[in-house]
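Report on the following structure.
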Amino acid sequence: MKKLMLTNQAIAQGAYEAGVKVLSAYPGTPSTEIAENAAKYPELYAEWAPNEKVALEVAFGSCVAGVRSMACMKHVGLNVAADPLFTGAYTGVNAGLVIVVADDPGMHSSQNEQDSRFYARSAHVPMLEPSDSQEAKEFVKLGYELSEKYDTPVLLRTTTRIAHSQSVVSCEDRVELENKAYVKDMRKYAMMPANARPRHVVVENRENALKSDLKTLNGVNKVEILGKELGVVCSGAVYQYVKEVLPNASVFKVGMVYPLDIEAIREFSKNVDELLVVEELEPFFENQLKANGITCHGKDLFSLQGEITAETIKEKLFKTAMPVPASAPVRPPVMCAGCPHRGVFYVLNKLKCIVTGDIGCYTLGASAPLSAVDTVLCMGASIGMAHGFSLANPEYAKKTVAVIGDSTFLHSGITGLINCVYNKDTNTVMILDNSTTGMTGHQEHPATGKTLKGEDTVSVDLVELCKACGVKRVSVVDSYYIGEVERVIKEELNAPEVSVIIARKPCELLKKGAKPVAEIDNCKGCKACMKLGCPALVAGADGKVSIDSTLCVGCMLCAKVCKFNSIKLVK
Amino acid sequence: MNILIVGVGGQGTLLSSRVLGKYASLTGKECKLSEVHGMAQRGGSVVTHVRMADKVYAPIITMGEVDVLIAFEELEALRWKHYLKEDGHLVVNSQKIFPMPVIMGLEKYPEDVEEQCKSVKNCHFVNAVKLAEEVGSAKATNIVMLGAVCALCNMDKEIFAQSVTACVPAKFLELNQKAFSAGYDSVK
Ligand SMILES: Cc1ncc(C[n+]2csc(CCOP(=O)(O)OP(=O)(O)O)c2C)c(N)n1
């Protein structure tokens, strides 16, 4: 059956067809929909792990125990999971293991644009990269064959343009596999120096075996000999743009990104006058080719930054002038009307706190007019950085607040909090608990009481958890009551020990049904409410503020900051 | 045929692209769609690419090669109109949503959006929110727009209506069918 499918959905379908039984993941754009789609197959167990490291460890456990397994994450997630990845390359697998990693060139939804291909190389793990949905599905299945044949985890890399594009996929039946027998083998699975040293030899031998077998892996890399003038080496989405812009060029389409079939590319290069590598981000292919004495162009023409598109190729190769866009004010993402995070940042800005921020919808607290965030580094960093601020200058402990979301706290904030308590900090941590993983599209997490499959489960009690970490001062406030939020923040900043404030209110987008709307009557034009940065509040040419009733959800935060009591709920 | 759908995160552009994808498959064309998830969905500028032809390579449309630009918001029409072909259609929902820099008074919402859009040879404004409200709910604005696009670009009405039916939840079917016709009739 043929179906138009998002590549992430096709990856889930590939896992299903390959007989995968266990999938563990942590959400992250652009990888999230893989697990969400996998959860729809009754034969496939899929779960959200609290972070990527745990997800990969779970998948390793299941594959060693004998069932095909998958772990999925975004590029920065693989940093978190790098520890099991590197040593898992030594242990190898029993049943197959495919790890999906989704890169984000252009940073559509990320804090950096690192190139995950280097993980394949430094961990010595094979990596495949598809160019559309159908190929993604095929590469998942190929990944399991390679994983079992070469006794190695296999990485499957996508980028945003592939992960979030749809094309036609032909669906096939699932192969139902017998579980492989698990046999205790400490020399293979218990990595300590005496066992790991011989395993390192295995890693090298395995990679050499795979390299010499590359030419027998039909169809992984594709060679299209067309024109003689130009030969292009490319992979992933870039392949599609090359076909579009350079229909007459010969193409070496890399499907196996690592190990790279350098000898095949050398052969290919003999057919063409000039060899060009077009790759997003780092010169990963190019440097390997050059190191092997193959002359080519690449990053002398193309940037290390951002995406490469058809336009980029036209501009760089043909100097084609692109149409000029009209000038238009930018439209950055904003916190939604009614977002419970808004009031907290309004208060933090008002109190002129140093805010070590974190990653989630609340990162938008850094945008004007709230402008309340000082730092954003990586998931979980807010608490560690706040401790760093206190150490650098004890005065900072009296005005520094670490702000972290509920999902992010469970992902990697807890260890930072334990560190603050253990090392006798006196700072203040705020957990913005909106009962969901908001930024990535509302996924469940260990404190929501539901699993990825939608089943009821135990919900982690954040208050008790913080207390168990040794925090004595744990308070809970309603995020909409900004007067109370302000009072508690002031009090806790002055407390001579670590305190945690849990600001609690479910994400507005989780609420269904008709919502109330506020109305401004007799606005005096003082613009106090405009400091909230609410998209439903609009200042007119006369300086008076009105409320956009299509956006307003009646959270009444604006009424709380209005100095003239002009804002009322209408329905 | 290359269709670019632009708007503001949360306006329901994803449903429109799904309908167009269905249309492509019912007309036997190869189709690729490219959408935005994640950060931009929070009120940012969003864009979805839909391509249908006998053979499609790139999932996104090259600048200057768009046949139909469907803009759910006027400023977004302005932002993306240089993607249009010389004789491409620009179909704009008459609605202004102010971005944060405008709300804060740091920038101005261009007063001449409409004029600038009308410099495009085939430009059509559709009062889609109003039409949708008339048939029952502003939620069907996107389907009103698709009705108008169907008529303006001489697409197959029958197949288009079928595609709408296949993509919307059963309980909103009647609303969306009405919305589709309203959009179609408004420009015919
Ligand atoms: C290591 C890592 N994994 C995943 C992500 C993707 N990501 C960004 S924010 C976020 C979760 C935010 O959830 P929460 O902390 O609950 O805040 P909310 O968005 O709900 O306000 C995720 C998973 C990331 N940036 N880094």
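Specify the residue that is nearest to residue A:106 (Cα to Cα); the eligible residues are those in the range A:271-290 that are among the charged types (D, E, K, R) and surrounded by fewer than 20 Cβ atoms within 10 Å (Cβ to Cβ). Don't jump to the end; show me each part of the working.
Initially, the range A:271-290 is screened for residues among the charged types (D, E, K, R), giving A:273-274, A:279-280, A:282, A:286, A:290.
Subset that is surrounded by fewer than 20 Cβ atoms within 10 Å (Cβ to Cβ): A:273-274, A:282, A:290.
Details: A:273: 32, A:274: 28, A:282: 13, A:290: 26 Å.
Filtering the range A:271-290 for residues that are among the charged types (D, E, K, R) and surrounded by fewer than 20 Cβ atoms within 10 Å (Cβ to Cβ), the one nearest to residue A:106 (Cα to Cα) comes out as A:282.
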- line: Checking B:100, B:145 in turn, the sole residue that is buried (at least 19 other Cβ atoms within 10 Å of the Cβ), within 18 Å of residue B:10 (Cα to Cα) and modelled with pLDDT under 95 turns out to be B:100
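One line per residue, one yes/no per condition, for (1) more than 19 Å from the chain's Cα centre (by Cα); (2) of a type in the set (A, V, I, L, M, F, W, C):
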site: A:415; (1), (2): yes, no
site: A:423; (1), (2): yes, no
site: A:428; (1), (2): yes, no
site: A:431; (1), (2): yes, yes
site: A:440; (1), (2): no, no
Test: residue A:435 is open to solvent by 40 Å² or more (accessible area, probe 1.4 Å) and within 11 Å of the ligand (Cβ to nearest atom): yes
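For residues that are free of Cβ contacts under 8 Å to residues at least 60 places away in the same chain, touching a Leu at 6+ places or on another chain (Cβ under 8 Å) and closer than 14 Å to residue A:260 by Cα, tally how many sit in the range A:218-236. Give the derivation first.
Keep residues of the range A:218-236 that are free of Cβ contacts under 8 Å to residues at least 60 places away in the same chain, which gives A:218-219, A:221-232, A:234.
The next check asks that each one be touching a Leu at 6+ places or on another chain (Cβ under 8 Å); those that pass are A:221, A:230-232.
From what is left, the residues that are closer than 14 Å to residue A:260 by Cα are A:221.
The qualifying residues number 1.
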- request: Read through the list (1) more than 24 Å from residue A:180 (Cα to Cα); (2) open to solvent by less than 10 Å² (accessible area, probe 1.4 Å); (3) of a type in the set (A, V, I, L, M, F, W, C), then give the number of the only condition that residue A:97 fails.
  value: (1)
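Only one of A:64, A:93, A:101, A:20 is more than 27 Å from residue A:131 (Cβ to Cβ) and away from chain B (no Cβ under 14 Å); which? Before you say what the answer is, go through the steps one by one.
Numbers: A:93 fails: more than 27 Å from residue A:131 (Cβ to Cβ); A:101 fails: more than 27 Å from residue A:131 (Cβ to Cβ); A:20 fails: more than 27 Å from residue A:131 (Cβ to Cβ).
Sole residue among the options that is more than 27 Å from residue A:131 (Cβ to Cβ) and away from chain B (no Cβ under 14 Å): A:64.
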field: Qualifying residue in the range A:60-79 (condition: within 11 Å of the ligand (Cβ to nearest atom), over 26 Å from residue A:183 (Cβ atoms) and in contact with a Lys or Arg (Cβ under 7 Å, 6 or more places away or on another chain))
entry: no
task: Those residues that are within 13 Å of another protein chain (Cβ to nearest Cβ), under 15 Å from residue A:337 (Cα atoms) and not β-branched (Val, Ile, Thr), I need them from the range A:513-542; list them, please.
output: A:514, A:529, A:530, A:531, A:532, A:533, A:534, A:535, A:536, A:537
message: Exactly one condition in (1) crowded, with 16+ Cβ neighbours inside 10 Å; (2) closer than 30 Å to residue A:558 by Cα is false for residue A:498; which is it?
response: (2)
message: Suppose we filter the range A:324-362 for residues that are within 26 Å of the chain's Cα centre (by Cα) and in contact (Cβ under 8 Å) with a residue 60 or more places away in the chain; how many remain?
response: 14
Exclusive hit being open to solvent by 20 Å² or more (accessible area, probe 1.4 Å), aliphatic (A, V, I, L, M) and at pLDDT 95 or above, set A:541, A:559, A:514: A:559
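Answer yes or no: is there a residue in the range B:84-98 that is more than 18 Å from the chain's Cα centre (by Cα) and outside any strand (DSSP E or B). Reasoning before the result, please.
So the first thing to find is which residues in the range B:84-98 are more than 18 Å from the chain's Cα centre (by Cα), and the list is B:86, B:98.
Applying the additional criterion that residues be outside any strand (DSSP E or B) yields B:98.
Looking through the range B:84-98, at least one residue is more than 18 Å from the chain's Cα centre (by Cα) and outside any strand (DSSP E or B).
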query: What strands (runs of 3 or more DSSP E), lying completely within the range A:463-536, carry at least 2 residues that are farther than 18 Å from residue A:569 by Cα?
result: A:473-478, A:499-504
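Looking only at the range B:1-36, filter to residues that are among the β-branched types (Val, Ile, Thr) and away from chain A (no Cβ under 11 Å); which one of those is most open to solvent (accessible area, probe 1.4 Å)? Full working, then the answer.
Pass one, the range B:1-36, residues among the β-branched types (Val, Ile, Thr): B:3, B:5-6, B:8, B:13, B:19, B:27, B:36.
Keeping just the survivors that are away from chain A (no Cβ under 11 Å) gives B:3, B:5, B:13, B:19, B:27.
On the way: B:3: 0, B:5: 0, B:13: 9, B:19: 0, B:27: 50 Å².
Out of the qualifying residues, it is B:27.
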task: Scan the range A:1-57 residue by residue and report those that are within 16 Å of the ligand (Cβ to nearest atom) and open to solvent by 20 Å² or more (accessible area, probe 1.4 Å).
output: A:33, A:36, A:47, A:48, A:50, A:51, A:53, A:54, A:57
field: Subset of the range B:91-123 (residues that are in contact with a helix residue (DSSP H, G or I) (Cβ under 6 Å, 6 or more places away or on another chain) and more than 11 Å from chain A (Cβ to nearest Cβ))
entry: B:91, B:92, B:93, B:123
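Within the range A:412-432, which residues are touching a His at 6+ places or on another chain (Cβ under 8 Å) and either within 8 Å of the ligand (Cβ to nearest atom) or open to solvent by 40 Å² or more (accessible area, probe 1.4 Å) (or both)? First the steps, then the outcome.
Of all residues in the range A:412-432, those touching a His at 6+ places or on another chain (Cβ under 8 Å) come to A:416, A:419-420, A:423, A:425, A:427, A:432.
Passing the criteria: A:419, A:423, A:432.
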query: Quick one: which helices (runs of 4 or more DSSP H) sit completely within the range A:302-409 and have at least 1 residues that are under 30 Å from residue B:96 (Cα atoms) and open to solvent by 30 Å² or more (accessible area, probe 1.4 Å)?
result: A:341-350
- line: How many residues of the range A:148-176 are more than 20 Å from the chain's Cα centre (by Cα) and without any contact (Cβ under 8 Å) to a residue 60 or more places away in the chain? The answer is 3
- prompt: Looking only at the range B:125-142, which residues are touching a residue at least 40 places away in the same chain (Cβ under 8 Å) and either in a loop (DSSP other than H, G, I, E, B) or open to solvent by 40 Å² or more (accessible area, probe 1.4 Å) (or both)?
  reply: B:127, B:134, B:136, B:139
- prompt: When the residues of the range B:37-53 are filtered to those that are open to solvent by 30 Å² or more (accessible area, probe 1.4 Å) and more than 7 Å from every other protein chain (Cβ to nearest Cβ), which remaining residue is farthest from the chain's Cα centre (by Cα)?
  reply: B:53
- prompt: Any residue at all in the range B:171-181 that is among the aromatic types (Phe, Trp, Tyr), over 17 Å from the mean Cα position of the chain (by Cα), in a loop (DSSP other than H, G, I, E, B) and surrounded by fewer than 19 Cβ atoms within 10 Å (Cβ to Cβ)?
  reply: no
query: List the pairs whose first member sits in the range A:95-113 and is farther than 12 Å from residue A:76 by Cα, whose second member is open to solvent by 40 Å² or more (accessible area, probe 1.4 Å) and within 11 Å of the ligand (Cβ to nearest atom), and whose Cβ atoms are under 8 Å apart, counting only residues at least 6 apart or on separate chains?
result: A:108/B:39
statement: Filter the range A:152-199 for residues that are among the hydroxyl-bearing types (Ser, Thr, Tyr) and closer than 27 Å to residue A:255 by Cα; the one that is most open to solvent (accessible area, probe 1.4 Å) is A:170
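Please go through the range B:54-83 and pick out each residue that is touching a residue at least 60 places away in the same chain (Cβ under 8 Å), within 30 Å of residue B:138 (Cα to Cα) and either small (Gly, Ala, Ser) or open to solvent by 10 Å² or more (accessible area, probe 1.4 Å) (or both).
B:67, B:71, B:77, B:79, B:80, B:83
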Unique residue being away from chain B (no Cβ under 14 Å), within 16 Å of the ligand (Cβ to nearest atom) and touching a strand residue (DSSP E or B) at 6+ places or on another chain (Cβ under 8 Å) when the list is A:500, A:488, A:460, A:474: A:500
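Inspect the range A:162-185 for any residue being within 16 Å of the ligand (Cβ to nearest atom) and within 14 Å of chain B (Cβ to nearest Cβ) and give the result as yes or no. Don't jump to the end; show me each part of the working.
Restricting attention to the range A:162-185, the residues satisfying the condition of being within 16 Å of the ligand (Cβ to nearest atom) are A:163-164.
Checking the rest, the ones that are also within 14 Å of chain B (Cβ to nearest Cβ) come to A:163-164.
Yes, that holds for at least one residue.
The values are calculated or read from the model by the stated rules, or taken from the named source; none is laboratory data. Everything numeric here is computed off the predicted structure, so don't read it as measured data. Don't worry about glycine lacking a Cβ; one is built from the backbone with ideal geometry, like all the others, and counts go over all protein chains shown. Keep in mind that these areas ignore ligands, DNA and RNA; they rest on the heavy atoms of the full protein, side chains included. Shrake-Rupley method; radii C 1.70, N 1.55, O 1.52, S 1.80 Å.
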